[in-house]
Amino acid sequence: MQLTHQDRVEQAWPAVRFGGIAALPSVAAPDPMGELHSASHLLRPATAATLTTMPWHRTDLPADPPNAPTLTPIAVAGRALVLSSAGGEWFAVEDRCSHAGCAFSEDGAIEGDRLICDCHGSEFDIRTGAVMAPPAVDPIATFAVRVSGGRLEVEL
């Protein structure tokens, strides 16, 4: 079984968990593979004092989802995302498959709540980013979407 980067980090630093979390201060530290990285990605349990909210970014997209599922590419704060209107709700994910880096906006499709990467067939839950079918093993990044003033906003 091949370990993901998250698995290797959690083995080296057992306190690292992804849920109810906040980032540690940025320091340089080797990861379990011996590479030197910024440790700002390391996490510790969050307290009310350490929690911060991410800013919401307004888009030019109207809040009403189209009748058919779609993938709409959009750049938000310099980050490439795709917005999907699956089941009458909006979802935002990074426009990159975790398997081979293919852009969903060019090689992706929506079927129900599944985001399918047509490059190699990986499937993801559009709501959570979880892998639903290989060859991908790592989830994709998801972002909250809300409606404000009749337009979509994405939280980054």
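Just so it is clear, none of the values below were taken in a lab; they were calculated from the coordinates. This structure is a prediction, so every number in the text was calculated from the model and none was measured. Cβ atoms come from the backbone with ideal geometry, glycine included; neighbour counts cover every protein chain shown.
Full extension of the segment from residue 68 to residue 80, taken as 0.36 nm per residue of separation minus the current Cα-Cα distance, would add 2.1 nm. For the pair residue 89 and residue 54, the difference between a 0.36 nm per residue extended length and the Cα-Cα distance amounts to 10.5 nm. The simple Förster model, with R0 at 30 Å and r as the Cβ-Cβ distance, assigns residue 155 and residue 118 a FRET efficiency of 0.60.
Here region 49-99 is assigned +1 on the Cβ of each Lys and Arg and -1 on the Cβ of each Asp and Glu. Its dipole about the Cα centre then comes out at about 160 debye.
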